[in-house]
Amino acid sequence: MSTASTNNGPATRPFKTSADARTRWERFVPAFGFPILNRFFLLLVSLTLLALLLTGYREIAGLGPASGMNDKFGWGIWKTFNVVVLTALGSGAFSVGVCAWVFRRRLLFPLMRMALLTSMLAYVCGLCLLGVDVGRPWNFYWVLFPWRWNLHSPMAEVAICMSIYATVPLLIENLTPILERLWYLNVPLRPAIETLEHVLHKCFPFIISLAYLLPAMHQSSLGALMLLAGPRVHPLWQTPLLPLLYLGAAAFMSFGCVAGTTMLCCVFWRRAMDMDVLNEAARISSWIIFGWIAVRILGLLVVGSLGTAFHLNEFAGIFWTEMFLIGYGGWLLRGSLKDQKWQSMWLGYLFSTLGGMLYRFTPTTLAYMPGPKAIYFPSTIELLVAIGFATAGIAGFLLMVKACAILPATLQEWRDMTSYFTVHEPFVMWKQYLNFGFVDYKILDNADLSRSYVKTNHD
């Protein structure tokens, strides 16, 4: 039996929880019953194709005609937003994984597939934009030769760590739902998949070690890069604790991305919400947020820059906007643990994530002062390319969650899935599939449920 089948087998919790069988997440399912190709998906693909065309123009014409960058601002939004900000959103595999596996917060296990997928997509899109910004992507293979590395460059360390992280740990960890689908739907491939599974199982201790080490290194190094800017970064963001603050912001932002996206999927595709799992994520997120706020204020006190937060200028306004969004988001998350309202929880994730995004973006652009009268604003091509690669990540997400078992689900939703596929793909040996899940075979005869479910979702 493959790892894929055991990973999606019956889940038991080692302690008593308040969730009943109707809302308890015990399996993973795809967003079945919803077509992959629709108008929204085609719009995303169109924006991605436009970005690829404009990328070709950038490679031919150069950065000058294609971007708003200049000698004072050598970093545009391809680095400052798509890399610095979006990879922080995509750090869920690191932050959720550390809490779930290192600190044994077992309730977070159902969120791991969502965390791995969002991380993979965010990092791949960020790496692509990094290649677009640097140019000459055909020379990117140099990263494979350590003797060519510039060991004194923090940017090189970020690029190398991101490349290895995306192409080794994240890629391999995201193979599980893909292999699971192939194992169930393609019987002739099962021996080869099981052989591959045994190989991966032996390699996983090393893969997991890289999965925790590499993101901690490059997320903190992004903060260290801004330390090198010295007085060109406003004092409210220039503190010795910047690497730790960048890493901490990535932690609570990625929790918001993983849990918030899961909640959106549950609402949009009418799935049950396991409030035990979501409460655990909200509790951890809120403590990270309040701890991060304390560290940030402490850092400003140490360097004597906190007084500049009370000046009447745009920098103080940005600072308090960040602090309000992050702090209010943490307060909403704590409040949602008492009133058990998912709406308050989702808003808490939204506010704190927006505040974290603003914090990660500001030192590189808004609070970056390279000289008098220096100004940067992205060109139309820059914006379209940045949006296009972000939409590519969203399109990839929709494709994966509809094709593979990514979404956490209750046992009843898993039964609905088997009933649905029994009608649509009768050639598959679903009785054998159900044997692995210890499910009553009577659901195979529930054709009325299958047809009514399909009709409901397509209406």
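The values are calculated or read from the model by the stated rules, or taken from the named source; none is laboratory data. Bear in mind that the values here come from a model prediction, so they are computed numbers and not experimental data. FYI the Cβ positions are ideal-geometry reconstructions off the backbone, even for glycines, and counts take in every protein chain you see.
Among the residues of region 15-22, are any at pLDDT 80 or above and among the charged types (D, E, K, R)? Within region 15-22 (the criterion being at pLDDT 80 or above and among the charged types (D, E, K, R)), the answer is no, since none of the residues qualifies. Annotation: of all residues in region 376-385 being in contact (Cβ under 8 Å) with a residue 40 or more places away in the chain and surrounded by fewer than 22 Cβ atoms within 10 Å (Cβ to Cβ), the one that is nearest to Leu225 (Cα to Cα) is Tyr376. The single condition among (1) more than 21 Å from Tyr420 (Cβ to Cβ); (2) surrounded by fewer than 21 Cβ atoms within 10 Å (Cβ to Cβ) that Ala51 does not satisfy is (2). The residue that is surrounded by the fewest Cβ atoms within 10 Å (Cβ to Cβ), among those in region 292-305 that are closer than 11 Å to Trp237 by Cα and either free of Cβ contacts under 8 Å to residues at least 60 places away in the same chain or among the charged types (D, E, K, R) (or both), is Ile297. Kindly list the number of the only condition in (1) surrounded by 22 or more Cβ atoms within 10 Å (Cβ to Cβ); (2) at pLDDT below 95 that fails for Ile289. With respect to (1) surrounded by 22 or more Cβ atoms within 10 Å (Cβ to Cβ); (2) at pLDDT below 95, Ile289 is out only on (2). Where residues in region 353-367 are buried (at least 19 other Cβ atoms within 10 Å of the Cβ), over 18 Å from the mean Cα position of the chain (by Cα) and not hydroxyl-bearing (Ser, Thr, Tyr), which of them is farthest from Gly317 (Cα to Cα)? So the residue we want is Pro363. Inspection of region 356-368 identifies at least one residue that is within 21 Å of Gly291 (Cα to Cα) and without any contact (Cβ under 8 Å) to a residue 60 or more places away in the chain.
If you go through region 22-62 and keep only what is within 30 Å of Glu280 (Cα to Cα) and of a type in the set (A, V, I, L, M, F, W, C), you end up with Trp25, Phe28, Val29, Ala31, Phe32, Phe34. Among the residues making up region 343-371, those that are of a type outside the set (Lys, Arg), within 15 Å of Leu242 (Cβ to Cβ) and part of a helix (DSSP H, G or I) are Gly356, Tyr359, Phe361, Thr362, Pro363, Thr364. Considering only residues in region 130-173 that are of a type in the set (Val, Ile, Thr) and more than 24 Å from Pro378 (Cα to Cα), the one that is surrounded by the most Cβ atoms within 10 Å (Cβ to Cβ) turns out to be Ile160.
The rows are residues; the columns are (1) touching a residue at least 24 places away in the same chain (Cβ under 8 Å); (2) surrounded by fewer than 21 Cβ atoms within 10 Å (Cβ to Cβ); (3) in a helix (DSSP H, G or I).
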site: Trp183; (1), (2), (3): yes, no, yes
site: Val199; (1), (2), (3): no, yes, yes
site: Leu210; (1), (2), (3): yes, yes, yes
site: Pro235; (1), (2), (3): yes, yes, no
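The set of residues in region 142-162 being without any contact (Cβ under 8 Å) to a residue 60 or more places away in the chain, closer than 20 Å to Pro243 by Cβ and not in a loop (DSSP other than H, G, I, E, B) consists of Ala156, Ala159, Ile160. Residues in region 265-313 that are closer than 21 Å to Met357 by Cα and of a type in the set (Ser, Thr, Tyr): Ser285, Ser286.
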